[in-house]
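Trainee: First the structure, which I've put down as structure tokens, then a few questions once you've had a look.
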Amino acid sequence: MIEEGKPAPAFSLTSDAGETITLEGLRGKPVVLYFYPKDDTPGCTTQACGIRDAWGEFERRGVVVLGVSPDSESSHVTFKEKYDLPFTLLADPDHATAEAYGVWVEKKNYGKTYMGIERSSFVIDAAGNLTKILRRVKPDEHTNAVLKALG
């Protein structure tokens, strides 16, 4: 289980721009890694647009924001363009990174049980350590909770 104050699990994922993004490559900058279930769904759109609308605040703090879902790079490109999202989206199709962060969980909906993403965010400092873990965040409260966690 991952814990605040400990090193964040390493990852290497493909971005919406087709680039490989690694946690190691982001050293020296604070990172917000947020996991969401699916591109262009109501909750995920609310969450992403909340970050977009507060983008100036993230920029002012020098924070790298990365959204992660099991969707493909092409799905991310469409989602990003549709809502003019200014941050990078990462594809985790085999959900290995979601599993490493403990957010690939059993979910229930309309009596069906399935595996999926638990909407969660991780604030990682410039040295690669977890400073705040926000689990089961509400889409409309996500941005304020992350900004508060950043201090």
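Trainee: Looking only at residues in segment 112-142 that are at pLDDT below 95, in a strand (DSSP E or B) and not aliphatic (A, V, I, L, M), which one is nearest to L89 (Cα to Cα)?
Mentor: G116
Trainee: Then there's this: From the residues in segment 47-66 that are touching a Lys or Arg at 6+ places or on another chain (Cβ under 9 Å) and touching a residue at least 60 places away in the same chain (Cβ under 8 Å), which one is farthest from H95 (Cα to Cα)? Before you say what the answer is, go through the steps one by one.
Mentor: At the first step, the residues of segment 47-66 found to be touching a Lys or Arg at 6+ places or on another chain (Cβ under 9 Å) are 47-48, 62-64.
Narrowing further to those that are touching a residue at least 60 places away in the same chain (Cβ under 8 Å): 47, 63.
Details: Q47: 20, V63: 24 Å.
Step by step, filter segment 47-66, then rank; the result is V63.
Trainee: Would segment 126-149 turn up any residue that is surrounded by fewer than 15 Cβ atoms within 10 Å (Cβ to Cβ), under 19 Å from V31 (Cβ atoms) and of a type in the set (D, E, K, R)?
Mentor: Yes, segment 126-149 contains at least one residue that is surrounded by fewer than 15 Cβ atoms within 10 Å (Cβ to Cβ), under 19 Å from V31 (Cβ atoms) and of a type in the set (D, E, K, R).
Trainee: Filter segment 119-133 down to the residues that are of a type outside the set (S, T, Y) and over 11 Å from the mean Cα position of the chain (by Cα) and list them by number. Step through it out loud before you land on a result.
Mentor: Taking segment 119-133 as the starting set, the residues that turn out to be of a type outside the set (S, T, Y) are 119, 122-130, 132-133.
Selection gives I124, D125, A126, A127, G128, N129, L130, K132, I133.
Trainee: Among the residues of segment 71-90, count how many are buried (at least 19 other Cβ atoms within 10 Å of the Cβ) and more than 27 Å from G28 (Cα to Cα).
Mentor: The total comes to 2.
Trainee: If the requirement is being out of contact with any Cys (no Cβ under 9 Å at 6 or more places or on another chain) and buried (at least 18 other Cβ atoms within 10 Å of the Cβ), which of these qualifies: P93, P30, P42?
Mentor: Working: P93 fails: buried (at least 18 other Cβ atoms within 10 Å of the Cβ); P42 fails: buried (at least 18 other Cβ atoms within 10 Å of the Cβ).
When all the criteria are applied, what remains is P30.
The values are calculated or read from the model by the stated rules, or taken from the named source; none is laboratory data. None of the values given here were measured: they were computed from a predicted structure. Note that each Cβ is placed from the backbone with ideal geometry, even for glycine, and that neighbours are counted across all protein chains shown.
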